[in-house]
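*Asks:* Once you've had a glance at the structure underneath, I'll fire off some questions.
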Amino acid sequence: MPPAAADIGVDPLSQGDLEIETYRVVRSDGSFDAERVPDLDDEDFRDLYRWMLLQRIYDERATKLQRRGRLGTIASGHGQEASIIGSGYALSRDDWIFPYGREAGALLLHGLSMRDLLLYWRGIEDASRMEGANVFGMAISIGSHIPLATGKAWGLELDGEDAIAFANLGDGATSTGAFHEGLNFAGVLGVPAVFFCQNNQYAISLPFDEQTNAETVAQKALAYGVDGIRVDGNDVLAVYNAVSTARERALEGTPVLVEAVTYRRSAHTTSDDPTRYRSGDEVDEWEERDPLARYRAFLERTGRWGAIDEDAIREEVESEFDEAVDAADAVEERGIEELFAYLHEEMPPELERQLEELRDLLEERPDMYEFIEQRPKG
Ligand SMILES: Cc1ncc(C[n+]2csc(CCOP(=O)(O)OP(=O)(O)O)c2C)c(N)n1
Ligand SMILES: [Mg+2]
């Protein structure tokens, strides 16, 4: 019979030992912790609202555009606006963003054009290089960008830049090998990187608690020797503060994993039907925690709402979207060669061979070309 653990002094570190606070500034009713309100100008308070509304309108419009067959797919950030904008707003334009797909508003805030973003989702690769902004390519392969962000952060440090690498990721991405490698390496090297996990409770249809046995994402930071912050991801001011702090620490040599607790109110993408795996009650519950409504309540309580003309913002964003669609439509459709074009600076012989093979095949079977070309038309 083995001795009782207490007698031999073995005291396993267990989940229950961890006390992880979820940082918050504004409560659901708009009441707030005055000491935590960031010292921002009225213009910044207004802009935070404007960008969150832009994210919401962009998602609505892009989803409709996809439904009309004019975009390949769309991964909406509906419900996650405070996480997306609060984090994007806390970054410097010199920082490098490694996006994961839902954060249109943050990418636009950092200088990407709406046209390029739409072209990306239309599948026109050469226009989707995220030029004009420090934005890396979209990480469609889940988690693949995490080690790349670590590498970029290392490079920024070696170059003596006053900037960080910032990776947006989902809760699902924390279960990939790349997450482990990226965070481990970041911790070992002490690079200026912030890993921002938008825990929206699902990886497609898989709920958070079926994907990991850890209670939180933030606690995973400890095993890598980096800092962890858990923040209410529907509280834009809390996210702004959390990411500002994380950024400072990262620049001082401590990478940070931030977990923003939020909810994906939309379908996973336009190819998903969430009613098959989650209840309407759950969705309603999160609707009550709407990030825009909460921030609006805060602005009202602090006398800042009067300076915001919501209709004017809406009109402005709608016409920006219309113009972006026109600009995207003006870009010529590309041929099938595009599939091969952007992996290497010079195409290696094996890819050239495959391209030739495809060309020959399409010559023999033009019907196949039509099949492959079924991508959305402008
Ligand atoms: C390596 C890899 N495996 C599987 C997929 C299919 N896939 C696309 S999105 C997704 C779930 C991602 O969930 P999460 O990281 O929580 O991000 P969210 O979509 O919820 O924002 C999966 C499994 C993929 N794109 N890449
Ligand atoms: Mg998720």
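The values are calculated or read from the model by the stated rules, or taken from the named source; none is laboratory data. Remember, predicted model here, so these are calculated numbers, not experimental data. Here Cβ is always computed from backbone atoms with ideal geometry, including for glycine, and neighbour counts include all displayed protein chains. For the accessible areas, the whole protein counts, side chains as well, though only heavy atoms, and no ligand, DNA or RNA atoms are used. Shrake-Rupley method; radii C 1.70, N 1.55, O 1.52, S 1.80 Å.
*Asks:* Cβ-Cβ distance below 7 Å, separation of 6 or more or different chains: which pairs start in region 312-332 with a residue that is part of a helix (DSSP H, G or I) and end on one that is open to solvent by 20 Å² or more (accessible area, probe 1.4 Å)?
*Replies:* 313/50; 321/61; 324/115; 327/115; 328/115; 328/378; 329/378
*Asks:* With within 16 Å of ligand 1 (Cβ to nearest atom) and in the same structural domain as residue 57 (by TED's automatic domain parsing) as the only criterion, which of 151, 137, 160 stands out? Lay out the reasoning, then the answer.
*Replies:* On the way: 151 fails: within 16 Å of ligand 1 (Cβ to nearest atom); 160 fails: within 16 Å of ligand 1 (Cβ to nearest atom).
The conditions single out 137.
*Asks:* Take the residues of region 281-311 that are out of contact with any Lys or Arg (no Cβ under 6 Å at 6 or more places or on another chain) and not in a helix (DSSP H, G or I): which is surrounded by the most Cβ atoms within 10 Å (Cβ to Cβ)?
*Replies:* Among those residues, the one meeting the criterion is 290.
*Asks:* State which residue is least open to solvent (accessible area, probe 1.4 Å) when the search covers only region 314-343 and only residues that are over 20 Å from residue 104 (Cα atoms) and of a type in the set (Phe, Trp, Tyr).
*Replies:* Restricting to residues being over 20 Å from residue 104 (Cα atoms) and of a type in the set (Phe, Trp, Tyr), the top hit is 340.
*Asks:* Would you kindly identify the helices (runs of 4 or more DSSP H) lying entirely within region 149-226 that contain at least 2 residues that are within 15 Å of ligand 2 (Cβ to nearest atom)?
*Replies:* Filter on region 149-226 gives 208-211.
*Asks:* Which residues, taken from region 299-310, are modelled with pLDDT of 95 or more and more than 27 Å from the chain's Cα centre (by Cα)?
*Replies:* The answer is 300, 301, 302, 303, 304, 305, 306, 309.
*Asks:* Please verify whether region 178-188 includes one or more residues that are open to solvent by less than 10 Å² (accessible area, probe 1.4 Å), away from ligand 1 (no atom under 14 Å from the Cβ) and over 14 Å from the mean Cα position of the chain (by Cα).
*Replies:* Residues of region 178-188 that are open to solvent by less than 10 Å² (accessible area, probe 1.4 Å), as a first pass: 179, 182-183, 186.
Narrowing the set further to residues that are away from ligand 1 (no atom under 14 Å from the Cβ) leaves 183, 186.
When the remaining residues are screened for being over 14 Å from the mean Cα position of the chain (by Cα), the result is 183, 186.
Yes, there is a match, as at least one residue in region 178-188 is open to solvent by less than 10 Å² (accessible area, probe 1.4 Å), away from ligand 1 (no atom under 14 Å from the Cβ) and over 14 Å from the mean Cα position of the chain (by Cα).
*Asks:* So the check is Cβ under 7 Å with 6+ separation or different chains; which pairs have a first residue in region 278-303 that's assigned by TED's automatic domain parsing to the domain that holds residue 205 and a second one that's assigned to a loop (DSSP other than H, G, I, E, B) and among the aromatic types (Phe, Trp, Tyr)?
*Replies:* The qualifying pairs are 286/263.
*Asks:* What do you reckon, is residue 278 part of a loop (DSSP other than H, G, I, E, B) and open to solvent by 30 Å² or more (accessible area, probe 1.4 Å)?
*Replies:* On the way: part of a loop (DSSP other than H, G, I, E, B): yes; open to solvent by 30 Å² or more (accessible area, probe 1.4 Å): no.
So residue 278 fails the test.
*Asks:* Is there a residue being modelled with pLDDT of 95 or more, surrounded by fewer than 21 Cβ atoms within 10 Å (Cβ to Cβ) and either under 15 Å from the mean Cα position of the chain (by Cα) or among the aliphatic types (A, V, I, L, M) (or both) anywhere in region 218-237?
*Replies:* yes
*Asks:* Write out, first by first residue and then by second, each pair whose Cβ atoms fall under 9 Å of each other, whose residues are 6+ apart or on separate chains, and whose first residue, in region 48-71, is at positive phi while the second is open to solvent by 10 Å² or more (accessible area, probe 1.4 Å) and assigned to a loop (DSSP other than H, G, I, E, B).
*Replies:* Close Cβ pairs (under 9 Å, with a partner that is open to solvent by 10 Å² or more (accessible area, probe 1.4 Å) and assigned to a loop (DSSP other than H, G, I, E, B)) amount to 69/376; 69/377.
*Asks:* Among the residues of region 264-290, how many are closer than 20 Å to residue 51 by Cα and away from ligand 2 (no atom under 16 Å from the Cβ)? Give the derivation first.
*Replies:* Step one: list which residues in region 264-290 are closer than 20 Å to residue 51 by Cα, which gives 264-266, 287, 289-290.
Next, from what is left, pick out any that are away from ligand 2 (no atom under 16 Å from the Cβ): 287, 289-290.
Residues flagged as closer than 20 Å to residue 51 by Cα and away from ligand 2 (no atom under 16 Å from the Cβ) within region 264-290 amount to 3.
*Asks:* Could you tell me how many of the residues in region 77-111 are open to solvent by 10 Å² or more (accessible area, probe 1.4 Å), among the hydroxyl-bearing types (Ser, Thr, Tyr) and within 12 Å of the chain's Cα centre (by Cα)?
*Replies:* Looking only at that region, the number is 1.
*Asks:* For region 128-145, does any single residue satisfy the condition of being over 22 Å from residue 255 (Cα atoms) and touching a Pro at 6+ places or on another chain (Cβ under 7 Å)?
*Replies:* Our first condition is that a residue be over 22 Å from residue 255 (Cα atoms); within region 128-145, this holds for 128-133, 140-141.
Subset that is touching a Pro at 6+ places or on another chain (Cβ under 7 Å): none.
The answer is no; no qualifying residue exists.
*Asks:* All but one of (1) at pLDDT below 95; (2) assigned by TED's automatic domain parsing to the domain that holds residue 79; (3) of a type in the set (Gly, Ala, Ser) hold for residue 34, so report the exception by its number.
*Replies:* (1)
*Asks:* Moving to a separate point now. Is it fair to say residue 256 is within 16 Å of ligand 1 (Cβ to nearest atom) and closer than 21 Å to residue 143 by Cβ?
*Replies:* Working: within 16 Å of ligand 1 (Cβ to nearest atom): no; closer than 21 Å to residue 143 by Cβ: yes.
Taking the combined requirement at face value, the residue does not satisfy it.
*Asks:* In the set 271, 244, which member is surrounded by fewer than 17 Cβ atoms within 10 Å (Cβ to Cβ) and away from ligand 1 (no atom under 16 Å from the Cβ)? Walk me through it before giving the result.
*Replies:* Working: 271 fails: away from ligand 1 (no atom under 16 Å from the Cβ).
Criteria check complete, one pass: 244.
*Asks:* Determine whether region 139-151 contains at least one residue that is under 17 Å from the mean Cα position of the chain (by Cα) and more than 30 Å from residue 222 (Cβ to Cβ).
*Replies:* Within region 139-151, not a single residue is under 17 Å from the mean Cα position of the chain (by Cα) and more than 30 Å from residue 222 (Cβ to Cβ).
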